[in-house]
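Peer 1: Shown below is the structure under consideration.
No value in this document is a laboratory result; all are computed from the given coordinates. Given the structure is predicted, the values throughout are model-derived calculations rather than measurements. As a convention, Cβ positions derive from the backbone with ideal geometry for all residues, glycine included, and neighbour counts pool all protein chains shown.
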Amino acid sequence: MPEYYSHKDIMDENPEFKCGDTDTLMKLSVSNCGGCTANVGLLKRGKFYVANAGDSRSVACLNDGSTLALSYDHKPDNTEEKNRIESAGGYVSENRVNGNLNLSRAFGDFT
C-alpha cells in the first residue's frame, strides 16, 4: 500500500467501507486518515467575511504592500480555546487537546 492513502484507495482495498461495517471502518480510519483544516472567504455587498478551522491562516495583502491577518490559529494554549475545551469536559496537556490533538478546532480527524 502507498504511504499516503486516498479515500478511493482505502475503499477499494477495504470492502467494509462499501458494506457499512462501521466498527471496522472506524478502526481503519484512525490508522489511515488524518484531519483537515480550512479557510473560507465570502465577498458580499462590499464586505469580506472570513472563517477558519484549525491552524490554516487567512492573510490579506493590502495596496500599500502591508499585510493584515484575517484569522487566528485555533491552538489549545490560546486562553479562549483552552476555556472552551475545558468547559466541554476536555483538557489541555502539553499544548494538546486531551493530550493528543495539537489544534483545538478541525474536522475529519478521528484521533
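Peer 1: In whole Hz, what ³J(HN,Hα) sequence does the range 41-55 give by Karplus (6.51, -1.76, 1.60; θ = phi - 60°), x for Gly and Pro?
Peer 2: Couplings: x, 9, 9, 9, 6, x, 10, 10, 9, 10, 9, 9, 9, x, 9 Hz.
Peer 1: How charged is the neighbourhood of Gly90? Take every other residue with its Cβ under 13 Å from the Cβ of Gly90, and add Lys/Arg as +1 and Asp/Glu as -1. Can you show the working numbers first?
Peer 2: Numbers: positive: Lys82, Arg84, Arg96, Arg105; negative: Glu81, Glu86.
Computed value for this residue: +2.
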